[in-house]
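Data first, discussion second: the structure below is written as structure tokens.
Please treat every number below as a calculation from the coordinates, not as lab data. The structure presented is a predicted model; accordingly, all values stated were derived computationally and were not measured. Note that each Cβ is placed from the backbone with ideal geometry, even for glycine, and that neighbours are counted across all protein chains shown.
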Amino acid sequence: MLALHGWLDNAASFAVLAPLLPGYHIVAVDLPGHGLSPHRNDCTYHITDYVFDVLCAARGLGWEQFNLLGHSLGAGIATLVAGAFAERVRKLVLIEGLGPLSAPVDAVPIALAQAWKKMAVLASKAPPSYASFDEAVRARARGGSGLREDAARLLCERGLQERDGRWFWRSDARLTLPSAQRLTEAQVLAFLTAITAPVLVVRASAGPEFDEQILKSRAAAVRDLTLRYAQGGHHVHMEKNADEVAREISHHLVS
């Protein structure tokens, strides 16, 4: 099973969950610009670029077919992979996500202009740094997703580097820029409709709010979807109830 982490996370996102799934060969990758992976040479981190990264990872592993697990951003990427390359994905597990974020057609020109403006601002700013590793961990835990400090520490162990007595993020600062172009909702639905693999969606009881009408429409587009809830926040697979998530995944994979 190939595991894809969320935005500004890294492969350590699955350090808690993977041991709870014995018998499965799980490969968690650092997506480009995250963790220990290099930054892109160009200026884009469009979600469709990540689709090709997943295919390259599978090719490197020699996997013609595989199960796919994604959290948040990773769930959005996994959805596109399973829709465009349906014959290669056996089963799909999505934690806190069902497809990528979308935007109305008329918002595309505005988004492109805003991305350019933000890029210019980012280029003139010094990257954030911290006096200690623990300070960075606390900052990551305060990042807005309700991440507990023990989970934040796991991500920071792979996501920080020390230079001249200060701690810096390894992730590419360009990841914080607004997306220059998002798919439309109609395009997302087309990918969901094309998925043939059985899909498990795990939602956190205390995760961020989603547009429920959009989620309902997306779920209806998938031919074989199971929805389950688990107690916890957005990183529910890293929290004390990760075993609950693991049980749902195990059942899905063997059913």
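Just a few scattered comments:
- Between the C-alpha center of region 128-188 and that of region 49-123 there is a gap of 19 Å.
- As a rough footprinting exposure proxy, the listed residues 179, 124, 13 were ranked by other beta carbons within 10 Å of their own, and the order from fewest upward is 124, 179, 13.
- Size check on the chain: the Cα extents along the three principal axes, sorted descending, read 52, 44, 37 Å.
- Helical content alone sets the calculated 222 nm signal of the chain at -11500 deg cm²/dmol, taking -39,500 (n - 2.57) per DSSP H segment of four or more residues and averaging over every residue.
- Ranked by the mean number of other Cβ atoms within 10 Å per residue, highest first, peptides 235-245, 187-197, 207-217, 16-26 order as 235-245, 187-197, 16-26, 207-217.
- Separation of the residue 196 and residue 48 label points, Cα + 7 Å toward Cβ, nm: 2.3 nm
- Label-point separation in nm, residue 149 to residue 84, each point 7 Å along Cα→Cβ: 4.2 nm
- Of all complete DSSP H helices in the chain, not one has a Cα span along the helix axis of 30 Å or greater and a mean Kyte-Doolittle hydropathy of 0.0 or more.
- The order of the peptides 88-100, 63-75 by mean Cβ neighbours within 10 Å, most packed first, is 88-100, 63-75.
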